[in-house]
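The values are calculated or read from the model by the stated rules, or taken from the named source; none is laboratory data. Bear in mind that the values here come from a model prediction, so they are computed numbers and not experimental data. Methodologically, a virtual Cβ is constructed for each residue, glycine included, from the backbone with ideal geometry; neighbour enumeration extends over all protein chains shown. Quick note on the areas: whole protein, heavy atoms, side chains included, nothing else; ligands and nucleic acids left out. Shrake-Rupley method; radii C 1.70, N 1.55, O 1.52, S 1.80 Å.
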Amino acid sequence: MVERRNSRAVCSVCGMPRAGYDRLGQRRFEFVPLWGIKTYLVYAPRRVDCPKCGVRVESMPWALGKRPLIQAMGWFLAGWAKRLSWKETAEVFRTSWESVFRSAEMAVQWGREHRDLSGVRA
């Protein structure tokens with residue numbers, strides 16, 4: 001994957017578009033399987049020279065931090081982990097048990113942050 005021409009990388013700390021510094025090596029991010037075929041997004045993240053934050057890796061909103069999963073894959077695995085055991089989910093989609101665990105953990109954390117208990121009396 002290549003970014004758009006003339007686009008500026010966004011600092012992952014302050015969220016501002018900044019000048020590029022250099023590029024890291026290519027990373028493979030696991031994507032949702034297409035027709036049962038394991039799919040990856042290959043991308044070399046840019047680093048930015050931010051005057052406030054220093055040299056940082058650009059923001060990649062589709063990634064899950066340093067994990068080798070794309071956010072869509074995390075939600076996909078979390079959805080299947082509700083129906084199957086985590087081991088079965090990992091086997092069916094040919095990924096690691098830890099990826100399924102981290103995806104379920106991400107979904108639970110999101111649910112806790114977004115729960116609304118207003119109107120609950122007992």
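Screening the stretch 59-79 for residues that are at pLDDT below 90 and part of a strand (DSSP E or B) and picking the one that is nearest to the chain's Cα centre (by Cα) gives Ala63.
Across the stretch 23-40, which residue is farthest from Arg56 (Cα to Cα) among those that are over 16 Å from the mean Cα position of the chain (by Cα) and modelled with pLDDT of 85 or more? Among them, the one singled out is Trp35. Residues that are more than 12 Å from Pro51 (Cβ to Cβ) and modelled with pLDDT under 85 within the stretch 1-20 comprise Met1, Val2, Glu3, Arg4, Arg5, Asn6, Ser7, Arg8, Gly15, Gly20, listed in sequence order.
Can you spot a residue in the stretch 97-104 that is closer than 21 Å to Arg8 by Cα and either open to solvent by less than 50 Å² (accessible area, probe 1.4 Å) or at pLDDT below 95 (or both)?
First, pick out the residues of the stretch 97-104 that are closer than 21 Å to Arg8 by Cα: none.
No, the stretch 97-104 contains no residue that is closer than 21 Å to Arg8 by Cα and either open to solvent by less than 50 Å² (accessible area, probe 1.4 Å) or at pLDDT below 95 (or both).
Look at (1) of a type in the set (A, V, I, L, M); (2) within 30 Å of Val92 (Cα to Cα); (3) open to solvent by 30 Å² or more (accessible area, probe 1.4 Å) and you find that Val55 fails only one, number (2).
In summary, Arg112 fulfils each of the numbered conditions (1) surrounded by 11 or more Cβ atoms within 10 Å (Cβ to Cβ); (2) assigned to a helix (DSSP H, G or I) with the single exception of condition (1).
Check whether at least one residue in the stretch 86-94 is assigned to a strand (DSSP E or B), in contact with a strand residue (DSSP E or B) (Cβ under 8 Å, 6 or more places away or on another chain) and of a type in the set (A, V, I, L, M, F, W, C), and report yes or no. Looking through the stretch 86-94, none of the residues is assigned to a strand (DSSP E or B), in contact with a strand residue (DSSP E or B) (Cβ under 8 Å, 6 or more places away or on another chain) and of a type in the set (A, V, I, L, M, F, W, C). Taking the criterion of being within 24 Å of Thr89 (Cα to Cα), part of a loop (DSSP other than H, G, I, E, B) and either in contact (Cβ under 8 Å) with a residue 12 or more places away in the chain or open to solvent by 80 Å² or more (accessible area, probe 1.4 Å) (or both), the only residue of the stretch 15-52 that qualifies is Trp35.
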